[in-house]
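Note sheet for the following structure.
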Amino acid sequence: MRLWIKIRNVFRRDALNAELEEEMRLHLEEAVASGRDAMEARRAFGNFINTREAAQSVKLAVWLDNLMSDFVFASRQLRKNKVASVAAIVSLGLAIGACTSSFRLIDALLFRPLPVADADRLRVMTMSFTDLEGREDYTDSFNYPLFRELRHALKDQAAVIGLGYTGRQDITFGSDDEIERAHRQHVSGWTFEAFGLRPAVGRLFTENDDLKPNAHPVAVLAHDYWRRRFGGDPKVIGKTFRMGKTLFEIVGVGPEGYAGTETGTPADFFIPMMMEGEAIHEAGLSWFRAWVAPHPGASVELIRQRSEGIVRAHRQERVKGWPAGAPKARVAAYVNTRLELRPATAGYSSAQKRYRTALGILGVLVGLVLVITCANIANLMTAQAAARAREMALRVSIGAGRLRLIQLVLAESALLALCASVLGFGFALWSAPAVMSRINPPDNPLRLALPSDERVFFFMTALAFVVTVTFGLFPALRASSVRPVSALKGGESPHSKRRLMHALVAVQAAFCFVVHFTAGLFLASFDRLSNQPLGFSADRVLSLQASSLDNAPPEAFEQIVAHLRSLPGVEAAGISGFPLLSGSGWSNDVHVNGAPPHVVAPYFLAVSPEWLATMKVPLLAGRDFRNEDAYPRVAIVNESFAKRYFDGENPVGRTFEKDGGRNTSKRTRMEIVGYVKDARYRDMREPIRPTIYVPFRSVDEKGAPVGTQRASFVVRTDSGNPLAMASILRKAVPASRSEFRVSGILTQRELVELHTLRERLLALLGTFFAMLALVLAGVGLYGVLDYSVLQRRREIGIRMALGAPPADLAWRVSAGIFSMLIVGSGAGIALGLLSERYLEKLVFGVKVTDWWMLATPAAIIFAAAIGAATVPIARAMRVDPATMVRAE
């Protein structure tokens, strides 16, 4: 009989039984019709039930029928122990959900391939180096002259593609009052062809669109943006939008699913590289990544070696134009770069670099919580198997084989895992977007595709299988090894089961220690970083990024800030080139008393009069800038500058010389007119560097004002919620000067918190996993102690009858468990110390080997263990000796 018919019969058991009964009835009637006696015919036919079952074994897929029966029995067992079953399903569901949620995030950011042809062959060029502070780092930025050299040299081995960083831009589809912000990415004209992409509407770029600077102002929309912004209207082809002073024509829409190569920051539209204008010719401006798609059969290592030689030759040529006094260490670090071709199958972005290690550590923590959960449920099922020893002995006595018993117990484990997986899937659907919202910068949120597709399904299926085997196999083997005679007499020794359960307690303690140890590191790191002194007040401060289409004179910016100061609710206002802690930076070499420049150049920041007062940066000596002050004549310096160049003395009245740049040896003398306290400039993690504040008003060599297009207006409000004035301030800027627009508004507090996003995420999730691990370990410990008390009731009663003190009984009941906790904590300490090299990049201001970092998790685990042991020990103390002795 065909297999599929046998499988179908399993699901139509009642109909099959009816058919078999009808067939047997017809056989009996046929025998009687042939002249045989009815009773004789029935005796010759044999036992009716045995005959039906024999026929069923032929017509049914017996293995599937047995499996179905086992699952039905398993469901009854779960309903019989409702509280334990619900606790197991909920704890395992949370663990599976956390694992699936972590997988969705890690897969979306690090592993999901780009929807392009042969994504596994793609590489990104990076240049590794040792920075001036001895740390290993790399950069992925290239300038266009070098890119052109690389493309020409590698044309026979690979396609070299330029792809810009995805960034938000102000664009207008209608009037200039209707400003929108969209993500733009520069791409080489041959990008779409090299990626094997086809347009959804219109056409994509060709190499002819990317030959001359500013010659082809055309754009291709990303498919998702086309759907969101235009509702999928095919008539969008031919429409125009303005970005800056350039009018772009939309010529096509990209294929569905493709939104650029910067994972986490999908592009909304693409423009040719040549539309970056003069940057095409500037060797000192690095502004995009160089991608490599090797031709079939080409050697990646040979491409790397050839590219490295070109990069070094290019840099050696460039340093010839640097000032003669440039520090040798800086020159060596610049020239002696090591080029690498990093895999980019899943795209390449700064978000991957920022969160790769953090997500990996969280994945390990989730895995440890899952192991603790499995150990906990394995202990529960081991205890249940001990309680069912007589049942298993009876099954063996009537002919059940060992594999049959293993299948029976594993069916219960599989059903438990299945119910937990359903719960976990719902938890993962909610938790993955919730976690992603925690790592979103306020002005540029991380956007990841989190589909629940076949990748997630296969992961959950594999996870459910692993979980079933992990916590179900040992109890199944234990249950199947029962000895019928001993078990039916009640003589089955519980000691071997307790040893297994105690070993699982040690495993839970070790992994719980590691989870708590790691969570403690993350909490301490977040606390240290969050409480770093800023040197300024971030409360009630708004930063407005404003720009005009053309360079505006300094007077225009001064007019706007004067208008902002006059508004009700504004306490103070100033101008800066960019906000503090925005990630932007400007550094330049300086010379003091004719000495060569320091290997680490000081920071510069252009600010207006009253900016120091607005940000509440304390003035230690000298004065603030005046309206007539201009760059590059005067400057204000911080404490770190005075310590480096003037031995910490008051530098007011002294001078320094600023280098004119790498292509000129000209220097400009500047006078120090003010001295201020140190303030954070670019990053919360780096030491405060020497900083030079210069006037926002700038003049050229002839004293004529120099205009600029953009600046940041810093406003301190009277209100505790500065965002309440955001709309008023946004309208006030163009009301004062109609050519200006506000492209973004952020509070200074948001900019500060942006630097603790990763640490906040790690601390939050680490704390959650630590609490979950502690609860699970406590529940597991309670179950083991409770089982131990139940198994030893007779022994406890006899000891109490013989006069054993309560303390001695409590020690005998719990000694084995607490010894396992000590063993597990010791193993956890060893694992924590081994993890130092992996955690050191994620912690700030905390040493992994600090004694309190090792002692605190152990103290928490033992406190929880004592709490969990209270009830079982109290139950042991309530044993009635007379009853137990009579039972004995």
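Observations on the model:
- The stretch 243-291 and the stretch 555-587: distance between their alpha carbon centers, rounded to Å: 30 Å
- Protection-proxy order for peptides 793-803, 295-305, each taking the mean of Cβ atoms within 10 Å per residue, highest first: 793-803, 295-305
- The stretch 308-333-the stretch 67-125 distance, computed between alpha-carbon centres (Å): 52 Å
- Highest to lowest packing among 807-816, 189-198, 604-613, scored as the average C-beta count within 10 Å: 604-613, 189-198, 807-816
- Sorting 110-119, 269-278 by their mean Cβ neighbour count within 10 Å, with the most densely packed peptide first, gives 269-278, 110-119.
- Residue 354-residue 71 pseudo-label distance in nm [points 7 Å out on the Cα-to-Cβ vector]: 4.6 nm
- Sites residue 798 and residue 430 - FRET efficiency at Förster radius 56 Å, r taken between beta-carbons, to 0.05: 0.55
- Using the Cβ-Cβ distance between residue 620 and residue 735 with R0 = 30 Å, the FRET efficiency computed as 1/(1 + (r/R0)^6) comes to roughly 0.20.
- Sites residue 324 and residue 141 - FRET efficiency at Förster radius 22 Å, r taken between beta-carbons, to 0.05: 0.25
- Using a cut-off of 22 Å between Cα atoms, the listed pairs 328/658; 328/666; 353/677; 235/731; 155/212 include 353/677; 235/731 as exceeding that distance.
- Spacing of the two label points (7 Å from each Cα toward its C-beta) at residue 227 and residue 723, in nm: 2.8 nm
- Label zone at residue 302 (point 7 Å along Cα-to-Cβ), backbone N below 15 Å, the stretch 98-127: none
- Global geometry of the stretch 667-752, whether rounded, prolate or oblate, following the gyration tensor of its Cα atoms and the 1.5 cut on a/c: oblate
- Rg/Rh (Cα only; Kirkwood hydrodynamic radius) as it applies to the stretch 541-718: 0.95
- Label-point separation, residue 208 to residue 528 (7 Å along Cα→Cβ), nm: 6.1 nm
A short reminder: the numbers here are calculations on the coordinates, not readings from a lab. This is a predicted model, so every value here is computed, not measured. Every residue, glycine as well, gets a Cβ built from its backbone with ideal geometry; the counts of neighbours run over all protein chains shown.
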